[in-house]
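What follows is a set of notes on a single structure, which appears directly below.
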Amino acid sequence: MRIRLSLNESPFQPSPKAVELASKYAPLSNRYDVAELRESLISELSRYSKVESEMIEIYPGSSYCIVLFLIYAKITGLPLVVPFPTFHVLHQLANSYEIAVKAVELKGKEFILNSEELLKLSEGSIVYLSNPNNPTSDLLIEDEDLISKIASKSKLVLLDEAYFEFSGKTFYNLAYEHDNLVVLRTLSKAFNIAGVRLGYSISSKKAKEIFNKLRVGYEIPIMSQAMALGALKDIDYMRKTVNSIILLRDETRKRLLELGIWSPRSRTNFLFLELPMKCVDVKREIERSNIEVLCLSDMLEFKGRFENWMRVSIGNEEHMNLFVEKIQQVLS
Ligand SMILES: Cc1ncc(COP(=O)(O)O)c(C=O)c1O
């Protein structure tokens, strides 16, 4: 059995309520969409997010919204400002779509954002921010004023809060003040349903329209909507799983720090580790025990950078014990 710690998935199964609703709606799959189901899902998301239903939009995975965002960047030709490093999918797609990127290099071993530089570049640009940031794991921005200033200067901001339940920090309220701010979330991480592919955004109607004009419609399977609705109806289960991942994450980080492996504070379901040797060499060794991890240096976009850095997702206790044990063996 492979232990996949490379995709920031949850080690927990979906809530039984999600599975229950999937079987309830399965017989309706002769249709493209079930209006009442979609409405219930949006209303549940609006309740959970504490915003009106009109501010919510759903996507087949939040990465689908990132794709729309990049298509928008391509069509408009507006400069795209991103921290470096950030979510590798964004770097890869921007590269494939030949979008010119203005990168704001994160500084030091804690990957601190230069807010002055970001603000300067935001003028007339479109901005992607992952907060907390993948792969560096901590929040990039904790100051509401800064987000507000960025939104005031730029044309469009995609604020990716994929790990919101792990960080407890959100700026969704700023979507009321700034009609160009889109807060992006996903049910893939905290809600334990990555394979359902359900992401959502919180924004003004105007910002929703920007993306909706670029999509085909009916892209979210009825079964996915049903499972997402079921997962949202079991907030207690979500909180329980998030809390246990957070506990295990902090314990794993502590053990690794004791071994001399640096890791910035994490507000996500993964750790970013600086190893005393090349990530690819450690990865090759621990793969023998069927453990999969992510090395940034494996990707073209990071070639020659972050050679010693590894991103590892928090699995279950057994996975993490095995991971620490193997790392210890390889490094000794
Ligand atoms: C920052 C960030 N945004 C978006 C995603 C994609 O999530 P989804 O499964 O909703 O497409 C991920 C997944 O790892 C992520 O780390």
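The values are calculated or read from the model by the stated rules, or taken from the named source; none is laboratory data. All values derive from a computational prediction rather than experimental measurement. Glycine gets a Cβ as well: all are built from the backbone with ideal geometry, and neighbour counts include every protein chain shown.
Among the residues making up the stretch 307-326, those that are within 15 Å of E292 (Cβ to Cβ) and touching a strand residue (DSSP E or B) at 6+ places or on another chain (Cβ under 8 Å) are M310, R311, V312, S313, I314, G315, H319, L322, F323, K326. When the stretch 202-238 is limited to residues that are free of Cβ contacts under 8 Å to residues at least 40 places away in the same chain and assigned to a helix (DSSP H, G or I), the one that is farthest from S15 (Cα to Cα) turns out to be K206. Beta carbons closer than 9 Å, at least 6 apart along the sequence or on distinct chains, pair a first residue in the stretch 127-147 that is in the same structural domain as K109 (by TED's automatic domain parsing) and closer than 13 Å to T86 by Cβ with a second that is part of a loop (DSSP other than H, G, I, E, B) and acidic (D, E) for S130/E161; N131/E142; N131/E161; P132/D138; P132/E161; T136/E110; D138/E110.
Contact annotation: residue pairs with Cβ atoms under 6 Å, 6 or more positions apart or on different chains, pairing a residue in the stretch 176-201 that is closer than 14 Å to S10 by Cβ with a partner that is more than 7 Å from the ligand (Cβ to nearest atom) and of a type in the set (D, E, K, R), are A190/E165; A194/E9. All of E219, E209, E177 fail the test of being touching a strand residue (DSSP E or B) at 6+ places or on another chain (Cβ under 9 Å) and acidic (D, E), apart from E219. Please go through the stretch 87-126 and give me each residue that is within 16 Å of the chain's Cα centre (by Cα) and away from the ligand (no atom under 12 Å from the Cβ), ordered by number. Of everything in the stretch 87-126, just one residue is within 16 Å of the chain's Cα centre (by Cα) and away from the ligand (no atom under 12 Å from the Cβ), namely Q92. Scanning the stretch 17-41 for residues that are in contact (Cβ under 8 Å) with a residue 60 or more places away in the chain and either in a helix (DSSP H, G or I) or hydroxyl-bearing (S, T, Y) (or both) yields a count of 16. The listed residues are V157, V196, and the only one of them that is closer than 23 Å to A73 by Cβ and out of contact with any Phe, Trp or Tyr (no Cβ under 6 Å at 6 or more places or on another chain) turns out to be V157. Just so you know, in the stretch 103-146 the residues that are in contact with a strand residue (DSSP E or B) (Cβ under 7 Å, 6 or more places away or on another chain) and in a strand (DSSP E or B) include one that is farthest from S263 (Cα to Cα), and it is I126. So for the stretch 73-90 (the condition being under 29 Å from V312 (Cβ atoms), in contact (Cβ under 8 Å) with a residue 40 or more places away in the chain, hydroxyl-bearing (S, T, Y) and not in a loop (DSSP other than H, G, I, E, B)), does at least one residue qualify? Checked against the condition, which is being under 29 Å from V312 (Cβ atoms), in contact (Cβ under 8 Å) with a residue 40 or more places away in the chain, hydroxyl-bearing (S, T, Y) and not in a loop (DSSP other than H, G, I, E, B), the stretch 73-90 yields no hits at all. Residue check: K240 meets all listed conditions (1) farther than 30 Å from N308 by Cα; (2) surrounded by 24 or more Cβ atoms within 10 Å (Cβ to Cβ); (3) outside the structural domain of E39 (by TED's automatic domain parsing) but one, namely (2). For the criterion of being assigned to a helix (DSSP H, G or I) and not assigned by TED's automatic domain parsing to the domain that holds S130, E287 passes.
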